[in-house]
Each structure stands twice: as structure tokens, then as C-alpha cells.
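In what follows, a single structure is set out as C-alpha cells and then discussed.
The numbers here are math on the coordinates, done by the rules we state, and not lab data. No experiment lies behind these values; they were computed from the predicted model shown. Neighbour counts run over all protein chains shown; Cβ positions are idealised from the backbone, glycine included.
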Amino acid sequence: MSEQMTTASTVGIPNAGGTPKRRRGDEIGMAGKLILAGAAVVAIYLISVPLIFLLGTAFRGPADFLPFEPGSRWTLDNLWDVYLDPALYRSILPNTAIFAAGSVTITFVIAFTLAWLVERTDLPFRSAIFTAILFPLLVPTVVLAIAWTLLCAPNAGWVNVAIRGLFGVQGPGPINIFTMPGLIICQGIASTPFVFLLLCAALRTMNPSLEEASNTSGASPIVTFFKITLPVLRPGILAPLILATLLTLEQFDLPLIIGFPARVNVFTTRLFFDLNAEDQLPKYGSAAAVALLFLVIAILLLALYNYMVRRAERYVTMTGKGYRPTRLKLGRWRAPALVFVGAYLTFAAVLPALVLLWTSLTGGVTWSEATLSWTAYEKLTSDPRFWKAVVNTFIVAACSAGIATLVGALISWQILRTRFIGRNLLDFISFLSIGIPSVIAGFAVMLLYLSLPIGVYGTIWILVLAYSYRIAVTTRLSRAALMQIHAELEEASSISGAGWLDTIRRIVLPLMTPALLSSFLLLFMVGFREFTIPMMLQSDDNWVLSVVMWRLQNDRQTGEAAAVGTLIVLFVIPIIFLMRRYLLAQQNND
């Protein structure tokens, strides 16, 4: 998500500083060299070292040994066990492909329609709708997943109870969310805000004068759309599609909560259950072998995404002179458009919030038997483990966001402003973090700290280290900001006698503050809503709110689980306003 916002924000930004002057090492000073080298080492450690351990684990055995403990050896058995298993080709690969293709299709149809209505039409309340569409983006997917199970569970789901009451239908259903179609629809709706944000950026940078010229020449709106709009937008459309596919492939929350009861097994759940096999030792080697294929696919999609983003920049048609966006008048289609937007927001945001609040106050009993009570909240607030999870969630999100923001900003400066020979490799490694799925990142960090006796496994600090690999978010935002800062400002500071540290502190950082604040806020939001990594690395001492909610739901303490979800939503509301203020300031509110 944050990567998407980052990429969208960098498209079409001119380089106000021209080609930056590359600095020699002697101009930076020893302190500067140490700081920059330290940032590079931290970035390589956070991203590359866990992946190296993951790669090694795929070739280590036997299964009853930890990958790098005495007695283990190099072997190909893990690869044979995984890739010669008919179940991989009979269920895992087909299920994953169907899940990804179906979800991405639904996501794109909804997201493109919403983006078109918000950016290119005179739809009323566009600013409020834009903000409302982003709401599911800020809420942990596990919260939405549990809310949707409460809505569409075949027996007691709100929607099913209402349908049976209205039409006199007997028995369970008629809607069963615990199916492949149910999983696909929920994932498609959950991913819509990500793609919507990118598509809004693409639509916003397209000059509608091309379409106006087509209409003036006598072409119908449909002909104009297919002959003018789509060809110009194609790179800007394909890039979000690729990113949506990558994000769907790495999804773990919904496949676990909705797919697992339906016996829909995909890559991420296969990897998780290899590590949490009942009555067996964790299958580290098999899980690593599965992760290798997953990682290769993710990197290929990332490379294709990066290529399409660069192509999209060539297709930017917005110019600084004479550009005036025009909006299509909806006319009689205004009411259907508002109905479509309302239907999406109802199922994506309104109903999940209502069902969570209602269930937290009633314990999930039927409407006729419901009695409002604060019992679930009283149980939660009287449990020290809940407050520990609250503190853990904020500490992990804030610390990881701070580390990634600082390291990413320093790396961006090295890449743009120095002659460091390995800067291109460093740029590649930092960008690679976008393509590392959370489930693989969590697993790789687990392997690393099981092998290194440094005492962080099972603590909140392993979560901080695991979350901090998302450096690409900061490098993309920081590079865009640095390209707007003319190198002559730093040169003038140096000529006046200021050292490198003083120049960075007094010139560069103040000018980069908006970008760094945006980066921190994005990463904090991602860390706050993270579920996959803490599930992979959970212990009694490092629970966060998303894991607490899942465990309560898994233990059938539905009221308490819904109460946690409601509180998460309340915690997220201030972030919505901060995002609107700092990240979405360029949105056209007219």
C-alpha cells in the first residue's frame, strides 16, 4: 500500500535541482562516512541477511534438525519433497492462481470505476468519498476478515439472517463466505483502496484535452474511451494491476480466516502450516523450499512493475502551462454512481464497523436475544495482556517506522549525491523490499534469529527488526524530495564553512521534513495494521492487537474479538485525519 502511494507520488515530478553534483568522500568527512556506511549496512542486514538464511534453509536437512545446528547437512531433499509432491500442482498452485486472478479482477473493476468517478466526473462529495474509500486501507485486514465472517457466516451471519427472515428461507445460507468465491470477493474488496489510490494518480496526470479533441471531432464517448483514454492510461493501469497481483499473492489474513475453513489452501497458508504442523516439528526446510518459488515470482512481478511504472512516466500528459482538468457531467447517471459508491462503502466499511460494534456489545447472539452490555470491554480492559498488546503495537509500529525512515533517507542521499561505487546495488536492494511478501519476511527473520543467539527472538524487538525491512517506502519518497532540492544549496553551505552534518541538519532535513513525515506516517500505519509477521513470530511476550483479535476469535470469544476490532478502528481514526492532512494534500477537492 504505502509503496503504491509512494510510486504514485513520484510520477511526473520534475527535477528542480537538475543533475545533482556527486560528492567525493573527502567532502563528506569521517563522521558523514560512518553514518552513511552504517545506514547501508543496516539496510543490507535488514533485507538481505534474512533472505540469505532463507535460501540456505531450503538446502539444509534433515527435518528433525534446525537448519544450522550441529548435525544438519546440505541436501536437496526439501526441494524434492515440495516440487515432486502432486498436491502442489493439484491444489496449491491452481488455488493460488484462481484466488489471485479472481481477486485482482474484482479489485480492478471496482477501483477503476471509483477512481474514474472521483477524478474525472462531477460526482458530489468527492473529497469525502475519497477519504472514506481509504478507510479499509488503514484497518488491519484481520479486522475486516472477522467482520465479514460475522456478516456472511452461513448460520448466524447478519446478511443470511436478514435474507432468511425476508424470504422465509430455511436452513443455513443462502450465502456462504467460506468458499473460494467468498474468499475472492472479500479479497477483491479489501484490495480496492490500494489500486484506487494508484489509479487516481494515473487519471489525475492525464490531460483531458486529448479526450476533448476526440469528442470535438465527432467520436462518441465510448470510442474516445477505447481509442484515446485506454491507450494513454495503459502503462498507468498495468502497473497497479501488477502490484495488485503481487499484494494478493502475499495475502495471509483472509486465506487463513476465510479460506482455511473452506479448505482453500494457497501458498501463504501452506507455508504457515508447514511451520505450525500439529504434533510435528516445524518443517523449516519444506517451508523455505515453498518460499523460494514464491519469492522468485514476487521479484519477477516487482521487476515488471518497475518497468511499467517507468513507461507510465513517459505517458504523463499533464503540463504546467494551460492545464485545466475538466470533469464529465454525470447527468442522469449521478444517482446510479452514488448507489455504486454507497454499495461499496457499505460492505467495505460501514457494515463491518457496525457488526463489530454490535457484536462487541451483545456477544454475537441473535438479534431477538440481544442485550447491550459492556462486558466484553470490561473483560478486555481488566486483562493486563490486552494493555501489553496495545503498548506493543504502538512501540513496534513507531520504532520500525522510525528506523526505516532514517535509513531510507540516508540511502536516498547516498544514491543521489555521492560517487559511491555500490550505490546502484544499494538502490536495487532497497527497492527489492517492496517485492518481499510479509509471510516470507516473517519466516526469514524467524530463521535468522533462531540461528543467531542474540536474545531478541520472542520479544517485541524481533518484530521491530522484521517490520523495518520496508525501506523502499522511504527511499522513494526521499528521492522525490531530494530531486526538488537543488544541490547548490548544499554546496553553498559547504563553501560557507559548514560541515556535512551541519548541512544535512540545517538545510536538507528541514526541506525534506514533509516527505519524511509522510514516510513515517505510512510506515507507522503499515506496522499498526500488520498481521502476518507477528503471527509468524508470535510469543506470549510480543502479542500485538491484530494477533490478540485473531486468537480470541479462534477461541470462539466472539464478543471480545469484536471489541478488539472496534478499538482498533477507534485507534485508526486519528491516522485517517493525519493522512488526509499530510499525504493527500494534493488531492483536488473542487
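Helices from the chain with mean Kyte-Doolittle at least -1.0 and a Cα length along the axis of 27 Å or more, per DSSP H: which? Write out the running numbers ahead of the final one.
Numbers: long enough: 25-57 (43 Å, 1.65); 93-120 (39 Å, 1.32); 180-204 (35 Å, 1.64); 230-249 (28 Å, 1.80); 284-314 (44 Å, 1.29); 384-417 (49 Å, 1.12); 509-529 (29 Å, 1.64); 558-578 (31 Å, 2.18).
Both cut-offs are met by 25-57, 93-120, 180-204, 230-249, 284-314, 384-417, 509-529, 558-578.
Ordered by packing density, taken as the mean number of other Cβ atoms within 10 Å over each peptide's residues, highest first, how do 48-59, 156-167, 521-532 rank? Before the final figure, lay out the partial values.
Details: 48-59: 19.5, 156-167: 14.7, 521-532: 23.9.
Order by mean packing, descending: 521-532, 48-59, 156-167.
Packing, taken as the mean count of other beta carbons within 10 Å per residue, orders the peptides 287-298, 489-500, 410-421 from highest to lowest as 287-298, 410-421, 489-500.
Quick one: Debye curve from the alpha-carbon atoms of the stretch 337-494 only, equal weights, vacuum; give me log10 I(q)/I(0) at q = 0.08, 0.10, 0.13 Å⁻¹ to two decimals. For the stretch 337-494 at q = 0.08, 0.10, 0.13 Å⁻¹, log10 I(q)/I(0) is -0.47, -0.67, -0.91.
For the stretch 393-426 versus the stretch 154-208, the inter-centroid distance based on Cα atoms is 38 Å. Distance between the 7 Å Cα→Cβ label points at Ala37 and Ile52: 1.7 nm.
Report, in debye and to the nearest 20, how large the dipole of the chain comes out about its Cα centre when Lys and Arg carry +1 and Asp and Glu carry -1 on their Cβ. Walk me through the numbers before you get to the answer.
Numbers: 42 positive and 32 negative charges, 378 e Å.
I would put it at about 1820 debye.
Label zone (Leu338, point 7 Å along Cα-to-C-beta; backbone nitrogen cut-off 18 Å) within the stretch 117-135: 117-133.
Taking the chain as the region of interest, the number of lysine pairs whose Cα atoms are within less than 26 Å, with members eight or more places apart or on different chains, is 5. Each peptide among 135-141, 441-447 gets the average number of other Cβ atoms lying within 10 Å of its residues, and from highest to lowest they stand as 441-447, 135-141.
Taking amide H positions as modeled 1.01 Å from N, with prolines and chain starts lacking one, the residues under 5 Å from Thr121 and 5 or more places away or on another chain are Leu328.
From Cα pairs below 8 angstrom and at least 6 apart in sequence, can you work out the relative contact order of the chain, rounded to a whole percent?
Working: 820 pairs, mean separation 147.8, N = 590.
Contact order relative to length: 25 percent.
Sorted fewest first by neighbouring Cβ atoms within 10 angstrom, Tyr305, Tyr83 come out as Tyr83, Tyr305. In the chain, taking the dipole from charged Cβ atoms about the Cα centre, the farthest positive-side position among Trp148, Ala213, Val544 is held by Ala213.
Label zone (Asp77, point 7 Å along Cα-to-C-beta; backbone nitrogen cut-off 14 Å) within the stretch 29-63: 58-63.
Give, in nm to one decimal, the length gained when the segment between Asp383 and Arg327 is fully stretched (0.36 nm per residue of separation minus the Cα-Cα distance).
Working: separation 56, 0.36 × 56 = 20.16 nm, distance 5.36 nm.
Working it through step by step, the gained length comes to 14.8 nm.
Distances between placed amide hydrogens fall under 5 Å for Thr418 paired with Arg23, all partners being 5 or more residues away or on another chain. Amide H to amide H distances under 5 Å link Tyr469 with no residue, where only residues 5 or more positions off or on other chains count and H is placed in the peptide plane.
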